[in-house]
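In what follows, a single structure is set out as structure tokens and then discussed.
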Amino acid sequence: MQAPGRERRAELEAICRDLYLRLRPRETPPGFRVEFRRFAALNNFIRRRDGAIHLLVSDILADAPREVLASLACILLSKLLREPVPAECRRRYREYVSRDDVQRTLRAARAERGRKRMGPPQGRYYDLEELFERLNERYFEGALAKPRLGWSPRASRRRLGHYDAAHGTIVLSRILDGPGVPEFVVEYVLFHEMLHAVHPTRRSGTRREVHTKEFQEAERRFPRLAEAREWLERL
């Protein structure tokens, strides 16, 4: 991905000045400084500093159409000035970033630039590689390619497991690697993340369907599904 040129930055700065005048017609607009950054995700930031307004924009958007950049500027400036964000700006921006080609670029950027923090698969009580092999044979006929497996650095209750397609990893929360956690519960969480590798998120416009009908049907093959979910609700 080539670095965005000066013309593209100047274009977005001009868009911001015009938007500022529309939002604050009685004020003299401040200076605007735009930088396209090599973020690992689709991150965009705006802040005031030294009398100017600075925008840090993901370089994934460097080739976006002018109307998409205008929508992004509208969203960021509205938030900075505490104005309502127009629904049309949100819609146009979301439609663009939901496109298949943009999502492919985003996944490639995450794989290249992002770092995945994870511990080894061998925990104090459970070995994720051993559990993976068992589940792979039982539910996938041994055909599922093994991703990198590991325990999370922190014991999180909010996110018990995560499959990352960009990095080819499955990470389980360390809170499950304990003497009081039944093995079938750890198996269920790992099985759930393995299913994400087989049944990826489906997109329809701006809508994301994480757990598709096929995913849910496959998940019901786990014999102690209800029991595992009930146990996790009490965690």
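Confirm whether Leu131 is touching a Phe, Trp or Tyr at 6+ places or on another chain (Cβ under 8 Å), crowded, with 17+ Cβ neighbours inside 10 Å, farther than 20 Å from Ala111 by Cβ and of a type outside the set (Asp, Glu). Give the steps one after another, and end with the answer.
Working: touching a Phe, Trp or Tyr at 6+ places or on another chain (Cβ under 8 Å): no; crowded, with 17+ Cβ neighbours inside 10 Å: yes; farther than 20 Å from Ala111 by Cβ: yes; of a type outside the set (Asp, Glu): yes.
Answer is no for this residue.
State whether the residues of the range 73-81 include one that is at pLDDT 95 or above, surrounded by 15 or more Cβ atoms within 10 Å (Cβ to Cβ) and not assigned by TED's automatic domain parsing to the domain that holds Glu11. Scanning the range 73-81, I find no residue that is at pLDDT 95 or above, surrounded by 15 or more Cβ atoms within 10 Å (Cβ to Cβ) and not assigned by TED's automatic domain parsing to the domain that holds Glu11, so the answer is no. For His196, indicate whether it is within 30 Å of Arg91 (Cβ to Cβ), in contact (Cβ under 8 Å) with a residue 12 or more places away in the chain, assigned to a helix (DSSP H, G or I) and in contact with a strand residue (DSSP E or B) (Cβ under 9 Å, 6 or more places away or on another chain). Yes, satisfied.
Against the test of being at pLDDT below 95, in contact with a helix residue (DSSP H, G or I) (Cβ under 7 Å, 6 or more places away or on another chain) and not assigned by TED's automatic domain parsing to the domain that holds Ser98, the options Lys213, Lys146 yield a single qualifying residue, Lys146.
Residue count for the range 85-103, restricted to those that are among the acidic types (Asp, Glu) and either at pLDDT 95 or above or in a loop (DSSP other than H, G, I, E, B) (or both): 1. Between Val102, Val57, Val97, the distinction of being closer than 12 Å to Ile15 by Cβ, surrounded by 13 or more Cβ atoms within 10 Å (Cβ to Cβ) and in contact (Cβ under 8 Å) with a residue 12 or more places away in the chain belongs to Val57 only. Residues in the range 128-158 that are in contact with a strand residue (DSSP E or B) (Cβ under 9 Å, 6 or more places away or on another chain) and either in a helix (DSSP H, G or I) or under 20 Å from Pro182 (Cα atoms) (or both): Leu128, Glu129, Glu130, Leu131, Phe132, Leu149, Gly150, Trp151, Ser152.
Here the range 1-54 is the region considered, the condition is being exposed (fewer than 11 other Cβ atoms within 10 Å of the Cβ) and of a type in the set (Asp, Glu), and the residue that is nearest to Val85 (Cα to Cα) is Glu27. For the range 62-84, the criterion of being more than 24 Å from Leu21 (Cα to Cα) and either charged (D, E, K, R) or outside any loop (DSSP other than H, G, I, E, B) (or both) is satisfied by at least one residue.
The values are calculated or read from the model by the stated rules, or taken from the named source; none is laboratory data. Everything numeric here is computed off the predicted structure, so don't read it as measured data. Methodologically, a virtual Cβ is constructed for each residue, glycine included, from the backbone with ideal geometry; neighbour enumeration extends over all protein chains shown.
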